[in-house]
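Student: Below is one structure. I have some questions about it.
The values are calculated or read from the model by the stated rules, or taken from the named source; none is laboratory data. Only a predicted model underlies this, so the values are computations on that prediction, with no experimental measurement involved. Every residue, glycine among them, receives a Cβ derived from its backbone with ideal geometry; neighbour counts consider all protein chains shown. Remember, those area values only see protein heavy atoms, side chains included, never the ligands or the DNA or RNA. Shrake-Rupley method; radii C 1.70, N 1.55, O 1.52, S 1.80 Å.
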Amino acid sequence: MAQTDTIAAIATAAGAGGVGIIRLSGPQAARIAAALGTPRLRPRHAHYARWRDAGGEVIDDGLALWFPAPNSFTGEEVVELQGHGGAVVLRQLLSRCIALGARQARPGEFSERAFLNGKLDLAQAEAIADLIAAGDTRAARAARRSLDGVFSRRVGELGEQVTVLRIHIEAAIDFADEPIETLGGAQVRAGLAAAQSTLAELQRDAERGRKLRDGLHAVLIGPPNAGKSSLLNALAGSERAIVTDVAGTTRDTLRETIRIDGLELTLVDTAGLRDSGDAIEREGMRRARAELQRADLALVVIDARDPEAGHAAVAADVAQVPRTLWIHNKADLLGDTPAPAAPNAIAVSAATGAGLAQLHERLAQIAGADAGESVEGEFTARARHVDALARSGEHLAAAQAQLDHEQLELAAEELRLAHDALGEITGRMTADDLLGRIFSSFCIGK
C-alpha cells in the first residue's frame with residue numbers, strides 16, 4: 001500500500017540519553033533530511049551532518065542513515081537521524097522535520113506500515129511490542145521467535161490443512177447425490193482429525209506463550225481472617241495490603257505483580273468469602289468471585305488450625321479454576337501439633353515466614369519456570385490469539401459434526417469460519433478497527 005504522507009517520531013525512549021533517534025518514513029524522508037542539512041545520502045551508509053533550523057542555526061549534529069524502499073523496516077523510504085539524546089534537542093529536531101512536510105506519527109504507525117506493506121504479518125508486528133516489553137531473557141527469546149515467524153508459520157501450516165479440506169469438500173458438493181464415502185470421505189475425515197490434532201498442540205503452546213507474556217493470574221481466596229493479605233505482603237516483600245485482626249478488613253481487590261524465576265505472577269487479594277457481611281463486604285465478595293472466573297490459579301488460604309472448615313467454605317467457588325493450591329496459613333499457631341497432611345497443600349506462616357520458600361518453589365513449578373531457560377518452539381502469544389484458536393477449534397468440531405450428517409454445505413461453511421479465525425491471528429482477514437486497537441497500544445516511535 002503506497003503512503004502519500006511522510007511520518008516522523010522520536011524512536012528512542014523518553015528521558016535523557018547519549019544518543020537520540022528521529023525516524024522518518026515516507027516518500028519525502030530523504031528530501032526532509034537534505035533540507036535539514038544532511039549531505040547527499042548513500043543507501044545504508046552513515047553520514048555525518050549538522051542539522052539546522054529555519055534561520056540557519058544548528059539544532060544538533062550526528063549521523064544520518066537512509067534506507068531506500070522497499071528495503072527498509074516499513075517498506076518505504078526511511079531515514080534515521082541519530083543525534084544527542086536530550087529531550088529538548090530531539091523535540092526541536094522533530095518540530096523542524098514536521099515544518100518541512102512530515103507528520104507526527106501515530107502510536108505504532110511505523111509497525112502498522114510495515115504490516116500494510118507486507119514486511120511483517122500481524123503476529124510478527126505484535127511481537128515487536130512484546131520484545132520491547134520483555135522483562136527477562138526467556139520472554140525476550142520467545143518474542144524473538146514470534147518476530148522471526150515461528151508462530152505465524154505454524155498458524156499458516158494449520159491454515160493450509162484447513163484449506164485443503166475446504167477444497168475437497170467444496171468439490172464434493174457438486175456431487176451431492178453421491179455418498180461422501182465414495183468421494184473420499186475417509187481422506188477428509190482423516191485430514192480433519194489431523195487438523196484438530198495440530199490445532200490442539202498449537203493451542204497448548206499458545207496458552208503457554210500467553211502466560212509467558214501476560215504472566216499467571218493468581219487469586220488469593222479464602223474465608224475471612226485466614227491471612228490472605230498477610231500472605232500477599234509476604235510474597236510481595238512490602239506492606240501492600242492493610243492487615244488487622246478484624247474479619248472482613250479487605251473489602252476490594254488489590255493487585256500486586258511479582259516475578260518468579262523469570263515469569264510474572266499477578267497476585268489478586270480479595271475479600272474473604274462467608275455467608276454474612278454488610279453491603280460493602282458483599283460487593284467485595286462478588287468481585288472476588290468475578291476474579292476467580294478469569295484466574296489461572298487459585299491460591300486458597302485457610303487457617304491451618306481448622307482446614308476442614310476453610311475447605312468447605314470455598315470449595316464450590318474454586319471448583320472451576322484450572323489450577324488450585326491450598327495454603328494452610330498460620331502454621332506457627334499449631335505449636336507442636338504437625339500440620340495435617342493433604343494433597344496439593346502446603347503449610348506456611350505469613351507472620352514468621354515459615355514455609356514461604358517451599359511456597360515459592362511450588363509457585364515456580366506451577367508457573368512453568370522449571371521448564372528450563374530455553375524451550376524449543378516456544379513463542380509469545382496474546383489473549384486474542386488464544387481466543388482465535390479456540391473459536392477455530394469450535395468451528396472444526398462443528399464441521400466434523402456436519403460431515404458426520406453429510407451436510408457438506410454446512411461443513412464447508414464451518415471450515416471457512418475456522419479459516420477466518422486463523423486469519424485473524426496473522427491479519428490476513430482482519431477488520432480495520434481491530435488493526436487500530438492493536439497498533440494504538442504501541443509507543444509513538446515504533
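Student: Among the residues of segment 268-281, is there at least one that is outside any loop (DSSP other than H, G, I, E, B), farther than 25 Å from R213 by Cβ and either of a type in the set (D, E, K, R) or at pLDDT 80 or above (or both)?
Tutor: yes
Student: Which ones in segment 376-410 are open to solvent by less than 70 Å² (accessible area, probe 1.4 Å) and at positive phi?
Tutor: Across segment 376-410, the qualifying residue is only G377.
Student: What is the residue count in segment 379-410 for residues that are over 17 Å from I425 (Cα atoms) and touching a residue at least 40 places away in the same chain (Cβ under 8 Å)?
Tutor: 7
Student: If you scan segment 33-64, which residues turn out to be among the hydrophobic types (A, V, I, L, M, F, W, C) and either touching a Ser or Thr at 6+ places or on another chain (Cβ under 7 Å) or closer than 15 Å to L93 by Cβ (or both)?
Tutor: Of the residues in segment 33-64, the ones among the hydrophobic types (A, V, I, L, M, F, W, C) are 33-36, 41, 46, 49, 51, 54, 58-59, 63-64.
Once the filter is applied, which keeps residues that are among the hydrophobic types (A, V, I, L, M, F, W, C) and either touching a Ser or Thr at 6+ places or on another chain (Cβ under 7 Å) or closer than 15 Å to L93 by Cβ (or both), segment 33-64 yields A33, A34, A35, L36, A49, W51, A54, V58, I59, L63, A64.
Student: Take the residues in segment 307-338 that are more than 24 Å from D296 (Cα to Cα) and part of a loop (DSSP other than H, G, I, E, B), then tell me which one is modelled with the lowest pLDDT.
Tutor: Here the answer is P338.
Student: Is it the case, given these coordinates, that S95 is among the hydroxyl-bearing types (S, T, Y), under 26 Å from T74 (Cβ atoms) and open to solvent by 40 Å² or more (accessible area, probe 1.4 Å)?
Tutor: yes
Student: From the list G85, G62, which residue is closer than 16 Å to T12 by Cβ, open to solvent by less than 20 Å² (accessible area, probe 1.4 Å) and in contact with a Phe, Trp or Tyr (Cβ under 8 Å, 6 or more places away or on another chain)? Working first, answer last.
Tutor: Values: G85 fails: in contact with a Phe, Trp or Tyr (Cβ under 8 Å, 6 or more places away or on another chain).
Result of the check over G85, G62: G62.
Student: Hey, another quick one. For segment 198-213: of the residues being crowded, with 17+ Cβ neighbours inside 10 Å and charged (D, E, K, R), which is nearest to A390 (Cα to Cα)?
Tutor: E207
Student: If you don't mind, there's one more thing I want to ask. Got a sec? Which of E373, E378 is in contact with a Leu (Cβ under 9 Å, 6 or more places away or on another chain), of a type outside the set (K, R), outside any helix (DSSP H, G or I) and at pLDDT below 85?
Tutor: After ruling out the rest, the residue left standing is E378.
Student: While we're here: Return the pair list, or none, for Cβ contacts closer than 6 Å from residues in segment 201-229 that are in contact (Cβ under 8 Å) with a residue 12 or more places away in the chain to residues that are assigned to a helix (DSSP H, G or I) and of a type in the set (D, E), at least 6 apart or on different chains.
Tutor: Hits for this filter: R213/D130; V219/E291.
Student: Out of all the residues in segment 39-61, is one or more out of contact with any Asp or Glu (no Cβ under 6 Å at 6 or more places or on another chain), of a type in the set (F, W, Y) and more than 25 Å from Q124 (Cβ to Cβ)?
Tutor: yes
Student: Could you please let me know if E76 is surrounded by fewer than 24 Cβ atoms within 10 Å (Cβ to Cβ), out of contact with any helix residue (DSSP H, G or I) (no Cβ under 6 Å at 6 or more places or on another chain) and of a type in the set (D, E)?
Tutor: For E76, the condition - surrounded by fewer than 24 Cβ atoms within 10 Å (Cβ to Cβ), out of contact with any helix residue (DSSP H, G or I) (no Cβ under 6 Å at 6 or more places or on another chain) and of a type in the set (D, E) - is not met.
Student: Checking the conditions here, which among L333, L325, L292 is open to solvent by 40 Å² or more (accessible area, probe 1.4 Å) and hydrophobic (A, V, I, L, M, F, W, C)?
Tutor: Only one candidate qualifies: L333.
Student: Which members of segment 98-138 meet the condition of being open to solvent by less than 30 Å² (accessible area, probe 1.4 Å), part of a loop (DSSP other than H, G, I, E, B) and under 19 Å from A30 (Cα atoms)?
Tutor: A102, A105
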